[in-house]
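As structure tokens, the structure follows; a few thoughts come after it.
The values are calculated or read from the model by the stated rules, or taken from the named source; none is laboratory data. Values in this document were obtained by computation on a predicted structure and should not be read as measured data. Areas reflect the complete protein model, heavy atoms only, side chains present, ligands, DNA and RNA absent. Shrake-Rupley method; radii C 1.70, N 1.55, O 1.52, S 1.80 Å.
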Amino acid sequence: MNERELSFLFAQAKDEEKPVLLKGGTSNQIYGTSKHIYRYKTPYPIDFLDTTEKERIAIARGLNCPILPKVFYFSKEGNKVEQRLIGTVKEKFGPDDIQAVAISIKQLHQCPLIGIEFDLAKRISFYHAQAGDIPEIEDEISRQYQIKAIQEIESYPRVYSHNDLWAGNILFNAGKAYFLDLEFAADAPDILDYLSFVEENDIDLRFDFGPASKEKTLALSYCLDILWAYWAKARYLQGCKAGKAIMESKIARFQKGQAIIDSYLRG
């Protein structure tokens, strides 16, 4: 960590409080005061597809979106200062929470397109090349499922998409859901944010969610386990200790969904 750059970052908001280190994602250092959040970005080679320039464009396109925090400073290195939203991060999601997320996804999708694609097939191929094989997700059935699921996901219309709706990127306040962190934001099929929320948080849907039925949404969500398993393994190999546990959780979820995956392939 470059202490000089970190001090410069803190100076941008002219906070009266001293920023304190917060628990957050798997790599970047996150600090906060009562008014601001500070991110000091730690780059990994696996994140080559998600450049700071792409995130800067995503922030600009989402400027007027009511469920995103305002960003006050963003450097070419990806360090940033943004509004600290008041809310609660949840580990479990009830029906009202899921409905609130669905409403916020629709609001997010109204933002202007970013102009850069979140290409699912290319990402899986890129992450796989960086990570090497993961036998648990590479048998013949898994390959057939991956091909069919990607083709179906890609058939949905493109929208401005968050693409990383794990629990830590969602705040709840007064029945509304707010989204944080646009590192993975890009133009993607409109179903992808719904799949991301279901997959990242291992939600067992009890009702339709987004543009597809609950059964189809669950079936397609396992394709993201493949994507993020390769990403997490590559992150781990590049020095991110949390990557191993993330990879193992994705493999476990994919294996748990085998009956749903088999049914989807037969359908």
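What to note about this one:
- Relative contact order computed over segment 207-267 (Cα-Cα under 8 Å; 6+ residues apart), in percent: 33
- Per residue accessible area in Å² of segment 44-101, where ligands, DNA and RNA are left out and the probe is 1.4 Å: 56
- Highest-fluctuation residue, Ser104, Ser27, Ser155 considered, GNM on the chain with Cα pairs under 10 Å: Ser155
- Computed lengthening from Lys92 to Ala252, 0.36 nm per intervening residue step minus Cα-Cα distance: 55.8 nm
- The rule of thumb for compact globular proteins, 2.2 N^0.38 Å, goes into the C-alpha radius of gyration of segment 74-207 1.15 times.
- Mean Cα-pair separation over length for the chain, i.e. relative contact order, pairs under 8 Å, 6 or more apart, %: 19
- Over the chain, DSSP H runs of length four or greater, each weighted -39,500 (n - 2.57), average out per residue to a 222 nm ellipticity of -13500 deg cm²/dmol.
- Measuring nothing but protein heavy atoms, the accessible surface of segment 142-267 at 1.4 Å probe radius is 53 percent carbon and sulfur.
- Segment 158-198 - accessible surface per residue (Å², probe 1.4 Å): 22
- Tensor-based shape of segment 1-127 (alpha-carbon gyration tensor, a/c under 1.5 rounded, otherwise prolate or oblate): oblate
- Alpha-carbon centroid distance for the pair segment 143-172 / segment 1-70, whole angstrom: 24
- Computed over segment 191-267, the ratio Rg/Rh where both radii use C-alpha atoms and Rh is Kirkwood: 1.02
- Global form of the chain, assessed from the alpha-carbon gyration tensor, a/c cut-off 1.5: prolate
- Sequence-separation-based contact order of segment 12-75, relative, with Cα cut under 8 Å and 6+ spacing, percent: 21
- Pairs spanning more than 21 Å between alpha-carbon atoms, out of Lys23/Lys90; Lys70/Lys92; Lys90/Lys241; Lys92/Lys250: Lys70/Lys92; Lys90/Lys241.
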